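Quick notes on the structure that follows.
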Amino acid sequence: MNNFLLIFLFLSLGLVLQHVKQFPTHIYKTLNKIVIYFCLPAITLYHIPKIKWSDELLFPIGAGWITYILAFIFFHFLGRRNGWSNKLIGCLILTAGLSNSSFLGYPIIEALFGKKVWKLLFWSISLELLW
């Protein structure tokens, strides 16, 4: 439940700060750099030593790659068939293949359904990929 409250708190804070004239309009660029160059590597280095490698990790690792490859194949052929520009095709591949679901989607799922839902979620994703 805490994740759910934090998401709404920061979304609300962003909406309020849009109307404050003294607040810098391009602060998102600085915050993105902090997250990408400091927070994500720090979290990664913190959690990697705790991971116990096993066969169960192959699906979460492979799911991202499979999603990206399928997005590449789908939008590459669809874009060529419809005469889209390379910029548009690349944008669609990156948007669909490297989706931002881990930043907002996973915390919302965990907040709503708890940590036990992950096993069910992985099974449903794997069955969806098979169809």
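Site pair Trp53 and Val35 shows an inter-label distance of 3.0 nm when each label is modelled 7 Å from Cα along Cα→Cβ.
For segment 15-83, chymotrypsin sites (Phe, Trp or Tyr not before Pro) are listed when DSSP marks them as loop and at most 10 other Cβ atoms sit within 10 Å of their Cβ; the list is Trp53. Under 1.5 on a/c is rounded, so check that first for segment 1-83, then, if it is not, pick prolate when a/b is larger than b/c and oblate when it is not; a ≥ b ≥ c are the square roots of the alpha carbon gyration tensor eigenvalues. Verdict is oblate for segment 1-83. Here the Karplus relation 6.51 cos²θ - 1.76 cosθ + 1.60, evaluated at θ = phi - 60°, turns the backbone of segment 77-91 into coupling constants of 6, 5, x, 5, 5, 9, x, 6, 6, 5, 5, 5, 4, x, 5 Hz, with x for every Gly and Pro.
Read-outs throughout are calculated quantities, based only on the coordinates presented, and are distinct from any laboratory measurement. In this text the structure is predicted, and so the values were computed from the model without any measurement. Here the Cβ is made from the backbone with ideal geometry for all residues, glycine too, and neighbour counts use every protein chain on show.
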